[in-house]
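All of the numbers you see were taken from the coordinates with simple rules; none came from a lab. From a predicted model like this one, the values you see are computed outputs, not experimental measurements. Glycine also receives a Cβ, built like all others from the backbone with ideal geometry; neighbour counts cover every protein chain displayed.
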Amino acid sequence: MFENRINRSESTSLFEEAKEYFPGGVNSPVRAFKSVSGPPLFIKKGDGCRMVDEDDNSYIDFCCSWGPLILGHNNEKVRDFVIETVHNGTSFGTPSRLGNMLGKLIVDNNRFIEKVRFVSSGTEAVMSAIRLARGVTGKTKVIKFEGCYHGHVDSLLVKAGSGLATFGVSTSAGIPESFAKETLVIPLDDREALKQVLENHADETACIIVEPVPANNGLLIQDKAFLECLRLHCSKHNVLLIFDEVISGFRVGFEGAAGYYGIQPDIITYGKIIGGGMPVGAYGGSKEIMSHIAPEGPVYQAGTLSANPVAMSAGYAALQQLAVDGFYSEMEEKTQWFAKSIEDYANDKGWEMSVPTIGSIFWICFSNDRITQSSQIDSASMEKFKVLHHELLQRGVYLGPSGYEVGFVSAAHTKKDLEEALIAIKASMDVVFA
Ligand SMILES: *Cc1c(COP(=O)(O)O)cnc(C)c1O
């Protein structure tokens, strides 16, 4: 069924070697291609919307390093500024002018945060935001939503327990039950569950954390009214609202989902795009809330390489290009056109398939229903994704190697590139539904 028509011999032998050094041959699990066919591709370079593997196969890339590369690969301004910065050394463990420059660019152009703290990953940002929420409120429990991912933070690698109990059950070995118990898990898009969990637990709950644009388990676009309801209930119960914008930040607009929906959370976390392809994360909020962070306040959080000048220069050079009028509307228009082209093709043939989008995020969904909760995703449809993924690789299009992952259109994808990708996608769909 998975006949391979492209040469993957270098990737195959590099993967064999990698398995000697790394668990499962990788340094992040989803890279292992476990839910699709074949060995993971070892990529050696990228430029614009394309990347090239070790066997010299070229792909139009819709994974974009899982989101950070909103400007595509090897963006000239980012590359040049990073090289210029690196000539002066990589890290000093001191404040730097470049940190100020990125801080100012973000705070000046985002109405929803007054102060930020830079860290080195999305996970670190979320972990710190949770500690901050606990420090500010003096309460311990965290409410999260089934189907939202917040990095590999201990207390958030948790899913709903069985029955009506909302107490979390860990989804990874190595997490003490006592940690998982501090997390309450409810479904997205369910106001009744929200009301109930707050009625029972508000006095012990520090925060509600949500991906305002849930994009780690399919693309579960929420009604604005549900997000507004979260804001309302949090304020009413003295519970902090955390928007985890590691994906949506600088993606659905420069102000992320907070700006897109016009909702003021108490803390926002960032990652991915904010580093321009380098390891950067951040969390931010009002001056008052951020004053609880050390050295101003009692909530400790630190980082040896936090805000190092090289990472700051990449973030600055990238974000400067996003803070331009029309950038996001053009991305959105292009993505909607692309998604609709796929949907129209499927509809004409009578196939069960849709492509929801928001901003420049899209998701290939083997259902025609609007899906807002992770439980509505049909796991059997992932077999279709497996075929699609394989066929796309054969035709030079790269999607993240799991049907639960979303795709990203970058500024480097021209209409012509998207047209080229569409030919490959339609031909691959023909095989999927044959
Ligand atoms: C990617 C992601 C994270 C984790 O970020 P890392 O940089 O991988 O640690 C957290 N939250 C959301 C919403 C994400 O998409």
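When the scattering of the stretch 31-105 is computed by the Debye formula from its Cα atoms alone, each counted once and equally, what is log10 I(q)/I(0) at q = 0.19, 0.23, 0.25 Å⁻¹?
With one equal scatterer per Cα and no solvent, log10 I(q)/I(0) is -0.93, -1.10, -1.19.
Need one number: nm distance between label points at K34 and A302, each 7 Å from Cα along Cα→Cβ, rounded to one decimal.
Rounded to a tenth, the inter-label distance reads 3.5 nm.
Run through the DSSP bridge list for the stretch 76-322 and note the antiparallel percent, rounded to the nearest 5.
Close to 45 percent.
Treating the beta-carbon of each Lys and Arg as +1 and of each Asp and Glu as -1, no other charges, what is the dipole magnitude of the stretch 76-322 about its Cα centre, to the nearest 20 debye?
320 debye
Largest first and in whole Å, what are the equivalent-ellipsoid semi-axes of the chain based on the Cα gyration tensor, each being the root of 5 times an eigenvalue?
34, 27, 21
What fraction of the DSSP beta bridges in the stretch 123-229 is antiparallel, stated in percent and rounded to the nearest 5?
35 percent
For the peptides 356-369, 87-100, what is the packing order when you average, over each peptide's residues, the other Cβ atoms within 10 Å and list the highest mean first?
Ranked by mean Cβ neighbours within 10 Å, highest first: 356-369, 87-100.
Computed from the mean reciprocal separation of all distinct C-alpha pairs, what Kirkwood hydrodynamic radius does the stretch 325-434 have, in Å?
For the stretch 325-434, the Kirkwood estimate is 14.3 Å.
Taking the highest mean first, how do the peptides 202-215, 184-197 order by number of other beta carbon atoms within 10 angstrom per residue?
Ranked by mean Cβ neighbours within 10 Å, highest first: 202-215, 184-197.
How big is the gap, in Å, between the Cα center of the stretch 175-191 and the Cα center of the stretch 101-149?
19 Å
Taking the Kirkwood radius as the inverse of the mean 1/r across Cα pairs, report the Rg/Rh of the stretch 76-322.
That ratio equals 0.98.
Which one, M353, I377, L392, projects farthest toward the positive side of the charge dipole computed for the stretch 339-434 from Cβ point charges (K/R +1, D/E -1)?
L392
How many nm is it between the label spots at E20 and E3, if each spot is 7 Å from the Cα in line with the beta carbon?
The two pseudo-label positions are separated by 3.5 nm.
What nm value, rounded to one decimal, do you get for the distance between K195 and S379 when each label is placed 7 Å out toward the C-beta?
Result: 3.2 nm between the two label points.
Can you tell me the order of 315-322, 408-415 when each peptide is scored by its average per-residue count of other Cβ atoms within 10 angstrom, highest first?
Packing proxy ranking, top to bottom: 315-322, 408-415.
Determine the sum of side-chain charges near Q373: Lys and Arg each +1, Asp and Glu each -1, restricted to other residues whose C-beta is under 15 angstrom from that of Q373.
Surrounding charge for Q373 is -4.
Lys and Arg at +1, Asp and Glu at -1: add these up for the other residues within a Cβ distance under 15 Å of G168 and post the number.
-1
Roughly what % of DSSP beta bridges within the chain run antiparallel, to the nearest 5?
60 percent
With just the Cα atoms defining each centre, how far is the stretch 401-425 from the stretch 24-55? Give it in Å.
Their Cα centres are 16 Å away from one another.
What number comes out for the charge environment of E17, summing +1 per Lys or Arg and -1 per Asp or Glu over other residues with Cβ under 13 Å away?
Net charge in that neighbourhood comes out at -3.
Over all Cα pairs of the stretch 87-166, how is the pair count split among 5 Å bins, expressed in % and running from 0 up to the last occupied bin?
3, 11, 16, 17, 18, 14, 10, 6, 3, 2, 1, 0
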